[in-house]
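Chemist: I'd like to ask some things about the structure below.
The values are calculated or read from the model by the stated rules, or taken from the named source; none is laboratory data. Bear in mind that the values here come from a model prediction, so they are computed numbers and not experimental data. Reconstructed Cβ throughout: ideal geometry from the backbone, glycine too, with neighbour counts over all protein chains shown.
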Amino acid sequence: MSDLLIEILTEELPARFVDNARAQLVEHVTTHLDESFVGHGDVRGFSTPRRLVVLAQNVKEQTDARTTEVKGPAKASSYDAEGNPTPALLGFCRGQGVDPADTYAVDVAGKSYVYVRKTVAGQKSSELVEAFLPRLPHEITFPKMMHWEESGFQFARPIRGLLALLGVEVLHWEIAGVQSSNTTFGLRVGKPKPITVTSPEDYMRRLREAFVIVDPAERRHLIEKQADKLLKPLGFKLGDNMGDLLNEVVNLVEYPSVFLGDLPKTATELPESVVRSVLQQQMHSFLVYDQNENVVPHFLSVRNGLTDFIDTVRRGNESVANARLLDAAFFIQEDMRVPLEAYVGRLDTLIFMDKLGTMATKTLRLERLAACATVYASVRPEEETTLAAAVHLSKADLATSMVKEYTSLQGEIGGVYLSRAGGSPDIVSAIREQYMPRSPSEDIPATKVGRLLGVIDKVDTLTGILGTGFNPSGSEDPYGLRRAGNGIVRTIVESRESMDLETLVKKAVEGYQATGSLPHPEDLQQRVLDYLKGRITQYFKEKQLTKEYAPLENLPVVELGSIPERMQALHEAADDAVLVTLADSHRRIQNITKGLPAATSLPADLLLTDPEELVLRRAAEAAAPRILLFLAARKYPEAIRTCEELAVPVTAFFDRILVMATDERVRSARLLLLCYLKYILGLVCDYSKLT
């Protein structure tokens, strides 16, 4: 057995592309090895800004011989009236290298097909790997692609080298005019010379000698270790929220060298968020804090390369930081010559999106949505007042010089300006929190008004963009719809607040229709809700809660905030033996009433006469109001236990009653009773999907 090494060498990839591309490459290599029946051990991925690498360990030199079944044409088309093989069968047998007499028939879903059993001899693994290697770059997708040569092949950045070794054997492949070899390149300093690699084991060692650390986890550890060595003697530290930046920096360097720079006194006078934006967004550098969490006039940065001339690099970074912080101080001073309210009047000069009007019209729509907040959310009068004020000023900072220069500070700068002018802390918080969460690692808003403002804003954005006819597909999401959808879902699920998204979306659609600015308004409310349901499913999938979410996925979206508590209640009831019976009964009810709507009540004169029918009706009508009360009070364990009380009468009903009776009136009555049970059980969850 030998190790398999694959490297795709590129121009510098955007840092945000690297982790996902590495994961895709590992997945595709693993899939191809498995589909080719090539035995292997662990498959690991490595990456730097310039290379994507996969190492598959203990790859067998040859596949094992195996017997396989191959499906052919339908039996009916394989033989003529005299029982002779037809051209269809003869062609299939010729392709498989077998005699028609060696075929046999197998029923598949009620239809008979011709099959042949054949033995596949073992093959050299190197040949099978060479066969799939050229497919790998085509299978990796990126948010943005580019092409650079005449064949039209697309990748995130131009490919400059290909390498594949199975043990000491060099495997051959070609992409976009680039031929594979057993050479790679080290750190891009001056004119690096090609490095000849003799084996997968030799690869890591030779690259380390050429100042490339291929393992991102090791680069991260080195950065943290060097940072501690510089900061601890001074009593300083990095902030607790540096994870995203650290992940980015790890994918910006191949050989990290950390250095500490000085900031001007201006840095301690500016809002922390401004300094952080200048350093993190513009310079990929870290803010430094003392042990009391106060910002100190220093920054930490990471050079891609050796420590040679590191002082020159440090002075250059200090000059850049100084200039940008002075610019920020100037912008803030100029912006604050007028109150934040003055910038609301300038929003008609900023386009929200083509076909959807200006930021001024967006603000008017948000104000309308805020004015009817009590219709779709539980809001106290003081929260309603705060929300109205926050919505009015929420987009004002987009017209300021500071946000035009540092777009990532939208919302934050509005909060800073209003706070310095003596504005209400509650309004300030809501304005600052409206864009949260911007990433999967960022928290949702801490205040209720901030959460509500954020959801209103994102629903308006989602409604408008889907209303233009745009539909995000694949990895492309130029308008940030996934981020908006994910933000809505996370905010409601993680706050566990009740919010009627269906009504909110309806109001948002009405807001756009009032201005006549929707090119494609047809079925828009349903399209927005369907998109959000897709984001909800994806949220729980990423949380690895797909099975736990399955019984709850058919709940109306108004129940989104209750899903975590419902999951917990179902988890606590998992050992209840009666749940198995209830799940089987619910499944049977759904199968019998398929295509029929759930019934929310039963007529008094419903034709039910058998004892089992009457007992079940009484039990159901007694349980329904109790379940509704428990759900309204969010007492989900009690609602589940009340549903469990129905298991015995439902089982007795199915044991003794023929639902599909010949008498149409009797049959209709029994079906209506089951539709009522479908409604009652569905209020809590889909028991049939419990595993």
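Chemist: Which is in contact with an Asp or Glu (Cβ under 9 Å, 6 or more places away or on another chain), under 26 Å from PRO521 (Cα atoms) and either in a strand (DSSP E or B) or in contact (Cβ under 8 Å) with a residue 40 or more places away in the chain (or both), of VAL459, VAL375?
Modeler: Working: VAL459 fails: in contact with an Asp or Glu (Cβ under 9 Å, 6 or more places away or on another chain).
One residue alone meets the criteria, VAL375.
Chemist: OK, next. Hey, does the range 536-543 have a residue that's among the aromatic types (Phe, Trp, Tyr) and either in contact (Cβ under 8 Å) with a residue 40 or more places away in the chain or farther than 17 Å from ILE680 by Cα (or both)?
Modeler: Yes - at least one qualifying residue is present in the range 536-543.
Chemist: Checking the structure you have, find out if any residue of the range 309-326 is in contact with a strand residue (DSSP E or B) (Cβ under 9 Å, 6 or more places away or on another chain) and among the small types (Gly, Ala, Ser).
Modeler: yes
Chemist: Also: In the range 1-51, which residues are part of a loop (DSSP other than H, G, I, E, B), over 22 Å from the mean Cα position of the chain (by Cα) and of a type outside the set (Phe, Trp, Tyr)? Break it down stepwise before answering.
Modeler: Just the residues of the range 1-51 that are part of a loop (DSSP other than H, G, I, E, B), to begin with: 1, 11-14, 36-42, 49-50.
When the remaining residues are screened for being over 22 Å from the mean Cα position of the chain (by Cα), the result is 1, 11-12, 36-42, 49-50.
Listed by number, the residues that qualify are MET1, GLU11, GLU12, SER36, VAL38, GLY39, HIS40, GLY41, ASP42, PRO49, ARG50.
Chemist: Being outside the structural domain of VAL43 (by TED's automatic domain parsing) and either aliphatic (A, V, I, L, M) or free of Cβ contacts under 8 Å to residues at least 12 places away in the same chain (or both) narrows it down to one of LYS232, LYS237, so name that one. Working first, answer last.
Modeler: Values: LYS237 fails: either aliphatic (A, V, I, L, M) or free of Cβ contacts under 8 Å to residues at least 12 places away in the same chain (or both).
None of the other options fit; the residue is LYS232.
Chemist: Inside the range 64-103, can you point out the residues that are over 47 Å from the mean Cα position of the chain (by Cα) and in a strand (DSSP E or B)?
Modeler: TYR79, PRO85, listed by residue number.
Chemist: Going through the range 561-599 one residue at a time, which ones are over 21 Å from LYS635 (Cα atoms), of a type outside the set (Gly, Ala, Ser) and either assigned to a loop (DSSP other than H, G, I, E, B) or under 35 Å from the mean Cα position of the chain (by Cα) (or both)?
Modeler: Result: VAL580, ASP584, HIS586, ARG587, ARG588, ILE589, GLN590, ASN591, THR593, LYS594, LEU596, PRO597.
Chemist: Something else now. Which condition number does ALA484 fail, the rest of (1) of a type in the set (A, V, I, L, M, F, W, C); (2) at pLDDT 90 or above; (3) over 19 Å from the mean Cα position of the chain (by Cα) being met?
Modeler: With respect to (1) of a type in the set (A, V, I, L, M, F, W, C); (2) at pLDDT 90 or above; (3) over 19 Å from the mean Cα position of the chain (by Cα), ALA484 is out only on (3).
Chemist: For the range 267-303, enumerate the residues that are in contact with a Ser or Thr (Cβ under 8 Å, 6 or more places away or on another chain), closer than 13 Å to LEU325 by Cβ and among the hydrophobic types (A, V, I, L, M, F, W, C).
Modeler: Selection gives LEU279, MET283, VAL295, PHE299.
Chemist: Also: Hey, any hits in the range 172-181 for a residue that's crowded, with 18+ Cβ neighbours inside 10 Å and either of a type in the set (Ser, Thr, Tyr) or out of contact with any strand residue (DSSP E or B) (no Cβ under 7 Å at 6 or more places or on another chain) (or both)?
Modeler: For the range 172-181, residues crowded, with 18+ Cβ neighbours inside 10 Å and either of a type in the set (Ser, Thr, Tyr) or out of contact with any strand residue (DSSP E or B) (no Cβ under 7 Å at 6 or more places or on another chain) (or both): present.
Chemist: For the range 430-475, give me each residue that is within 18 Å of VAL528 (Cα to Cα) and among the charged types (D, E, K, R).
Modeler: Selection gives ASP457, LYS458, ASP460.
Chemist: Going through the range 385-401 one residue at a time, which ones are part of a helix (DSSP H, G or I) and either over 24 Å from ALA321 (Cβ atoms) or modelled with pLDDT under 95 (or both)? Talk me through it step by step, then tell me what you get.
Modeler: Initial filter on the range 385-401 (part of a helix (DSSP H, G or I)): 385-393, 396-399, 401.
Scanning the range 385-401 gives THR385, THR386, LEU387, ALA388, ALA389, ALA390, VAL391, HIS392, LEU393, ALA396, LEU398, ALA399.
Chemist: Hey, can you tell me all the residues within the range 213-253 that are of a type outside the set (A, V, I, L, M), farther than 28 Å from ARG438 by Cβ and assigned to a loop (DSSP other than H, G, I, E, B)?
Modeler: ASP215, GLY235
Chemist: Let me ask something else. Taking SER498 as the residue in question, decide whether it is in contact with a Lys or Arg (Cβ under 9 Å, 6 or more places away or on another chain), of a type in the set (Ser, Thr, Tyr) and in contact (Cβ under 8 Å) with a residue 60 or more places away in the chain. Step through it out loud before you land on a result.
Modeler: On the way: in contact with a Lys or Arg (Cβ under 9 Å, 6 or more places away or on another chain): yes; of a type in the set (Ser, Thr, Tyr): yes; in contact (Cβ under 8 Å) with a residue 60 or more places away in the chain: yes.
In short, yes.
Chemist: A follow-up question, please. Can you report the number of residues in the range 206-237 which are under 36 Å from the mean Cα position of the chain (by Cα) and either of a type in the set (Asp, Glu) or within 19 Å of ALA164 (Cβ to Cβ) (or both)?
Modeler: Adding up the residues that qualify gives 7.
Chemist: For a quick check of your reading of the model, give me the residue pairs whose first member lies in the range 412-427 and is assigned by TED's automatic domain parsing to the domain that holds PRO445, whose second is modelled with pLDDT of 95 or more and among the basic types (Lys, Arg), with beta-carbon atoms closer than 6 Å and at least 6 apart or on different chains.
Modeler: Correct list of pairs: GLU412/ARG432; GLY415/ARG432.
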